[in-house]
1. Would you call residue 213 more than 22 Å from residue 134 (Cβ to Cβ) and of a type in the set (D, E, K, R)?
2. Within segment 213-243, how many residues are assigned to a helix (DSSP H, G or I) and either surrounded by fewer than 21 Cβ atoms within 10 Å (Cβ to Cβ) or aliphatic (A, V, I, L, M) (or both)?
3. Considering segment 258-270 alone, what residues qualify as being crowded, with 17+ Cβ neighbours inside 10 Å and part of a loop (DSSP other than H, G, I, E, B)?
4. Being β-branched (Val, Ile, Thr) and out of contact with any Phe, Trp or Tyr (no Cβ under 9 Å at 6 or more places or on another chain) is the filter; apply it to segment 121-141 and report the residue that is nearest to residue 166 (Cα to Cα).
5. Quick check on segment 170-194: of everything there that is assigned to a loop (DSSP other than H, G, I, E, B) and surrounded by fewer than 19 Cβ atoms within 10 Å (Cβ to Cβ), which residue is modelled with the lowest pLDDT?
6. On the basis of being closer than 22 Å to residue 271 by Cα, outside any helix (DSSP H, G or I) and either modelled with pLDDT of 90 or more or touching a Leu at 6+ places or on another chain (Cβ under 6 Å) (or both), does residue 161 make the cut?
7. Answer yes if at least one residue in segment 200-212 is touching a residue at least 24 places away in the same chain (Cβ under 8 Å), in contact with a strand residue (DSSP E or B) (Cβ under 8 Å, 6 or more places away or on another chain) and not in a helix (DSSP H, G or I), and no otherwise.
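The values are calculated or read from the model by the stated rules, or taken from the named source; none is laboratory data. Quantities reported herein were computed from a predicted structural model and do not represent experimental measurements. Cβ sites come from the backbone with ideal geometry, for glycine too, and all protein chains shown count toward neighbours.
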Amino acid sequence: MDDNQFQYEQAFSRNLGWVTESEQQILRAKKIAIAGLGGVGGSHLLTLTRLGVGGFSLAEFDRFELANFNRQAGASLRSMGCSKLETMTQMALDINPELHLTGFEQGVSEENLDDFLQDVDIYVDSLDFFQLPIRSALFTACGERGIPAITAAPLGMGCAFLAFLPSGMSFEAYFGLQGRDEVEQYIRFLVGLSPAMLQMGYLIEPSRVDFNRRQGPSTPMACELCAGLAATQALKILLARGKVTTAPWGLHFDAYKQRLRKTWRPFGWRNPMQRLLISHAKRQFGSRLARSQP
C-alpha cells in the first residue's frame, strides 16, 4: 500500500466504540510533544500514533546500540547505529503517513524550548532519569504556557504515573529540586516518582544500579505499561473525558506484585511522610550517589 491508498478513517476505525467518530477527529488534530525516544519514548510515540494522534514534536539526539535491545521500541539489528529520531519517525510514518512531525535532532534544550512546545496540546515526558535540569525546565515551561505535562516512569516491572496540569500543583512544588545538589535531586526525584516503592521488593541484584555510569536495570514490560497508562491519561486530557489523577496524587501499578497503589502526597516534598522517605533514601542510596560524582 502506498501513501495514496492510506485512509485515516479506516486505519483507526477499530478505535471507534472506545472513542466516537468526532473524538477520533479531535485526536487527529492534536499535537503531542515527546522528549526522548528511547526506553519509554519510542513506545509512547507508536502507541499515540496508533491512537490516531495527528501531530508530534519529537526531540532525541542519541543513536541505537545493542544495550537498547531489551526495551526500546526501535532497537534492532537493522537500526544499530542509526538515529533514534529518524528511526522512530519512520516507524510512526509507516503507521500514519499523514502525520505532521517536527524533529529536534540535537535533543531539547532551553534554547529550543519555545520551538519544541509550539502549538503543543500536551507534553509526554520520556527523558532519561538523570536528565533533571532540562526536565525541570520543560515542566516549568509547560506550566507557564498552560500545557498539561505527564510522566510515566518504568520501575521494575511496573509504572508510576504523575500528571501536572496548569490548574494544579507544579512540578517544582511537588519535587522541590531547585537549590539542591545533584545527589539530593536524584533522590527527591526517585522518591517523588515512586512514593509506594513497589518495585524495591524484587530488585534481586541492587549492584546493577550503577549511578557512576548513569544506568540501571530495566524491563520491556515496564516500558509498555508506561505507554499504555500515559496514552490513556493523555486521551482523557485531550478529549476532556473526566477526572485525571494529578499531582499530588499519583498512580503506581506493579505487574510483578499484582498491586495498584494510588499515592497522595499533599504539599509534595514537604509532606511529613515524603520527608521520611527522602531521608530513608538518602541513607540507602546517598553514599553510592556521592561516590559516583566526578
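1. Against the criterion (more than 22 Å from residue 134 (Cβ to Cβ) and of a type in the set (D, E, K, R)), residue 213 does not qualify.
2. 16
3. Of everything in segment 258-270, just one residue is crowded, with 17+ Cβ neighbours inside 10 Å and part of a loop (DSSP other than H, G, I, E, B), namely 265.
4. 122
5. Result: 181.
6. yes
7. no
So that you can scan it fast, the table gives a plain yes or no per residue for (1) out of contact with any Pro (no Cβ under 8 Å at 6 or more places or on another chain); (2) of a type in the set (Asp, Glu):
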position: 193; (1), (2): yes, no
position: 205; (1), (2): no, yes
position: 239; (1), (2): yes, no
position: 252; (1), (2): no, no
position: 262; (1), (2): yes, no
position: 270; (1), (2): yes, no
